[in-house]
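Presented below is the structure to which this report refers.
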Amino acid sequence: KSRKMDDREKKLTAYHESGHAVTNFFLPLLDPVHQVSIIPRGAAGGYTMSVPVEDKSYMSKKVMLENLVTLLGGRVAEALIMGDISTGASNDIQRATSLARNMVTKYGMSEKLGTVLYGSEHSSDEVFLGKEFSSGKNYSEKTAAEMDEEIRAIIDGCYARAETILTENRTALEAVAQHLLQHETLSGEEFESICRQSETE
């Protein structure tokens, strides 16, 4: 069921979605943005949609890191423009944390912890279901602490990268948000045109 947003919430949503979209635009490995909207969908205030150019059977570490930057771009834009943060980024944070955890524990992408599977094949589900301890861990408390540090380092690094992109391309961020406030939805072509135009200004 659609719901009405007040002006402040609408502005925050516009910058939030612009943050996702603009970070995506300035990252070289990600699929292009297909549509950006601030029309509420269920609990979400808006959405940024990318469509794969080609089918992929695997994802590289560099692509995963760029995905994390884009996931965190909404929260970064809120802080940068509004000087405040909202609960609107909670799903982004959950997805980003889950991806960073999988990079460390499942895909062997942490130099510090090596090419090892930590926990069972289903450990990401077990953490939420409280089964991790009952099913037995294959790592020590010291390793668990190192995993937490690595996950935090990945998230912090990607957050900082999103900050850099949006600070350097604030003109694009502002322009996309203003178009969303006026039109509510932007096609991929419209969005790309705004970003390209802002690069020349």
**OP:** Identify all residues within the stretch 36-55 that are surrounded by 20 or more Cβ atoms within 10 Å (Cβ to Cβ) and at pLDDT below 85; write none if there are none.
**Re:** GLY45
Original post:
How about the stretch 114-201: which helices (runs of 4 or more DSSP H) wholly inside it have at least 1 residues that are at pLDDT below 95 and open to solvent by less than 40 Å² (accessible area, probe 1.4 Å)?
Top reply: 123-129, 141-168, 188-200
Original post:
Of the residues that sit in the stretch 56-86 and are open to solvent by 10 Å² or more (accessible area, probe 1.4 Å) and of a type in the set (Val, Ile, Thr), which one is farthest from GLU17 (Cα to Cα)?
Top reply: VAL63
Subject >> Conditions (1) in a loop (DSSP other than H, G, I, E, B); (2) among the β-branched types (Val, Ile, Thr); (3) touching a Phe, Trp or Tyr at 6+ places or on another chain (Cβ under 8 Å): number failed by VAL36 >> reply: (1)
Original post:
Going through the stretch 71-113 one residue at a time, which ones are basic (Lys, Arg), in a helix (DSSP H, G or I) and farther than 16 Å from ARG161 by Cβ?
Top reply: ARG95, ARG101
Subject >> Among the candidates GLU201, GLU192, residue that is more than 18 Å from the chain's Cα centre (by Cα) and in contact (Cβ under 8 Å) with a residue 40 or more places away in the chain >> reply: GLU192
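Just name the residue that is farthest from GLU174 (Cα to Cα) out of those in the stretch 87-98 that are among the small types (Gly, Ala, Ser) and open to solvent by less than 40 Å² (accessible area, probe 1.4 Å).
Checked the stretch 87-98; the qualifying residue farthest from GLU174 (Cα to Cα) is ALA96.
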Subject >> Every residue from the stretch 77-96 that is touching a Lys or Arg at 6+ places or on another chain (Cβ under 9 Å) and of a type in the set (D, E, K, R) >> reply: ASP92
Subject >> Selected residue [acidic (Asp, Glu), over 15 Å from the mean Cα position of the chain (by Cα) and more than 16 Å from LEU181 (Cα to Cα)] from ASP55, ASP31 >> reply: ASP55
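The values are calculated or read from the model by the stated rules, or taken from the named source; none is laboratory data. In this text, all values refer to a predicted model and were calculated from it rather than measured experimentally. Here Cβ is always computed from backbone atoms with ideal geometry, including for glycine, and neighbour counts include all displayed protein chains. The area values use the complete protein model at the heavy-atom level, side chains included, leaving out ligands, DNA and RNA. Shrake-Rupley method; radii C 1.70, N 1.55, O 1.52, S 1.80 Å.
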